[in-house]
1. Quick one: what pairs do we get from the stretch 1-19, first residue under 12 Å from Gly30 (Cβ atoms), second surrounded by 15 or more Cβ atoms within 10 Å (Cβ to Cβ) and charged (D, E, K, R), C-beta under 6 Å, 6+ apart or different chains?
2. Given the residues Asp35, Asp52, which is the only one that is touching a Leu at 6+ places or on another chain (Cβ under 6 Å), part of a loop (DSSP other than H, G, I, E, B) and not hydrophobic (A, V, I, L, M, F, W, C)?
3. What residue, of Arg147, Arg137, Arg111, Arg92, is surrounded by 16 or more Cβ atoms within 10 Å (Cβ to Cβ), farther than 17 Å from His36 by Cα, in contact with a Leu (Cβ under 8 Å, 6 or more places away or on another chain) and not small (Gly, Ala, Ser)?
4. Looking at the stretch 242-260, which of the residues that are farther than 20 Å from Ile55 by Cβ and in a loop (DSSP other than H, G, I, E, B) is modelled with the lowest pLDDT?
5. Tally the residues that are within 30 Å of Val130 (Cβ to Cβ) and in a loop (DSSP other than H, G, I, E, B), restricting the search to the stretch 10-32.
6. Which condition number does Lys148 fail, the rest of (1) among the basic types (Lys, Arg); (2) part of a loop (DSSP other than H, G, I, E, B); (3) without any contact (Cβ under 8 Å) to a residue 12 or more places away in the chain being met?
7. Look through Gly30, Gly53 and report the one residue that is within 24 Å of Leu281 (Cα to Cα) and either over 19 Å from the mean Cα position of the chain (by Cα) or not β-branched (Val, Ile, Thr) (or both).
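The values are calculated or read from the model by the stated rules, or taken from the named source; none is laboratory data. Keep in mind the model is a prediction, meaning the values are calculated, not measured. Here the Cβ positions follow ideal geometry from the backbone for every residue, glycine too, while neighbour counts run over all protein chains shown.
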Amino acid sequence: MEYWLSITTIPEQDQLLALARIAEEAGFDGITVADHVLMPTRIASRYPYTEDGAIWWPADTPWPDPWVTLAAMGAVTTKLRLASNICLAALRDPATLAKSVSTAAVLTGGRIVLGVASGWLREEYDLLGVDFATRGRRLDELLTVARKFWSGRPVTHEGEFFCYAESIMCPAPAAPVPVWCGGAVPAALGRAVRNDGWLGLPLDRAGAAPVLGALLQQRDAAGLSREHFAINIALTEAHEPQAIADVAAMGVTGLMIMSPWLPNPFFAAPWYRADADPARLETKREAIMRFADQVLARR
């Protein structure tokens, strides 16, 4: 089982690189960062992961560019894998996104994972002049184009949204960049099946079983191997050995640990301390190391 530290909604941007170093020291396999290009100040869209549909982070929460951030984290670590969770790729053009991901992959020795989803925030699409209604098809085509560019060979493309005369992108990654897809609607699950993995939702074992069963059945029906297909969830139960063994038997390959020094809207974690100041780097370090002692040390 892999363990990923999921970094989101952190005001203390000057601590990000230190957190990457701490995560590697603690024994995490990877670290993830989230993405928004612009955050609208007025939101009518319903956030799909809270009961009331409201976002749970402050409007002025920083959302640093994931590829600048992950490349910088790669410069201060040696083994830690680096993923976007998730990148709103459909808000970019394929060449710009492919170049950013490729460069980060080259600079970090191939430790980059591109995690994508189509997103839920219509107002962000409107701000950037991108059609919200076609975002899923746009994302699918963008991934096709990005993989062509990552080949390092001259390519052409003519599709529904994008058209490129013969061109070449360098530097190219030495190995294919894994693409993991988020979301739980049928189209999103189908996209994950066609790519290299699923970035799942906060789930307990009972909720995970039917989703993962359907996901793997689709993979089998498509004639695609389960080998090297990544399935990642944020487990909303205590990370006890039996719970971890159960989700592993369902096909889960990675657990996302969501900011263990902050109160979480999805679950309460024993390594969170209400009496500690979450703004302090030392508080974050202590929480990460408590998780390492309680969970990672059992591997």
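1. What qualifies is Glu2/Asp29; Tyr3/Asp29.
2. On inspection, the qualifying residue turns out to be Asp35.
3. Numbers: Arg147 fails: in contact with a Leu (Cβ under 8 Å, 6 or more places away or on another chain); Arg137 fails: in contact with a Leu (Cβ under 8 Å, 6 or more places away or on another chain); Arg92 fails: farther than 17 Å from His36 by Cα.
Just one listed residue meets the conditions, Arg111.
4. Checked the stretch 242-260; the qualifying residue modelled with the lowest pLDDT is Pro260.
5. Matching residues across the stretch 10-32 total 2.
6. Of (1) among the basic types (Lys, Arg); (2) part of a loop (DSSP other than H, G, I, E, B); (3) without any contact (Cβ under 8 Å) to a residue 12 or more places away in the chain, only one is false for Lys148: (2).
7. Exactly one of Gly30, Gly53 is within 24 Å of Leu281 (Cα to Cα) and either over 19 Å from the mean Cα position of the chain (by Cα) or not β-branched (Val, Ile, Thr) (or both), namely Gly30.
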